[in-house]
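What follows is calculated from the coordinates using simple rules that are stated; it is not laboratory data. No experiment lies behind these values; they were computed from the predicted model shown. All Cβ positions, even for glycine, are placed from backbone atoms using ideal geometry, and neighbour counts span all protein chains on display.
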């Protein structure tokens, strides 16, 4: 299912179904995982424009081959559509937004034109204050925009394990940031995937190869316009 980029989840009633599904995220996302980050590739001037997918295990794809993750599927979309961009997977299993923000300058390499920012799942599971998540996401969006990098913000939901008000505030954060910084918002990274065995690994939390492909299919309408706009732009 592909969601129109114009439709954002500002209305709270839309939260109910998503929260019910998102409750399954409280299982094992990031538990006991390695926190070592991937090595950042060099970005010579001769290389094609770069898209960095920055996130946690939902981006890293534990249990998948590298070419089965959603960034790899996005690369196939981009190549088939004739875009020269190279899409890099900078997901690290177990990372909160604080961990991701700490490695931002290293992992958002020179030559990056577009940033896919998919952070927050572990923050929600660990009841990280929404103010902290807001601060980290704000910092990363502002740092990207200061470098002339276009940002695609990926929304996340969290189950009401830590109180319903926390879940509401968490939900509202993503559309608020998208509006404040005028960046496109993919309302929920796991839309159409949470709770469906055919799209998840045995842990019922992490997408399998089919789930990763669905993430890429859902994300592509939000990402492609950014690729179009960066064809002739050089970042610092």
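Over the range 135-236, the hull volume per residue, using the convex hull of the C-alpha atoms, is 122 Å³. In units of the compact-protein estimate 2.2 N^0.38 Å, the range 84-127 shows a Cα radius of gyration of 1.26.
Starting with the fewest neighbours, write out 206, 162 ranked by other beta-carbon atoms found within 10 Å of each beta-carbon. Show your work: numbers first, answer last.
Numbers: 206 25, 162 16.
So the residues, fewest neighbours to most, are 162, 206.
As a length-normalised measure over Cα pairs under 8 Å and 6 or more apart, the relative contact order of the range 49-228 settles at 24 percent.
With r as the distance between the Cβ atoms of residue 143 and residue 165 and R0 = 25 Å, compute the FRET efficiency 1/(1 + (r/R0)^6) and round to 0.05. Efficiency, from the Cβ-Cβ distance: 0.25.
State whether the range 49-228 is rounded, prolate or oblate according to the following rule on the C-alpha gyration tensor (a ≥ b ≥ c being the square roots of its eigenvalues): a/c under 1.5 gives rounded; otherwise a/b larger than b/c gives prolate, and the remaining case gives oblate.
It comes out oblate by the Cα gyration axes.
Residue order for 88, 168, 215, fewest other beta carbons within 10 angstrom first, comes to 168, 88, 215.
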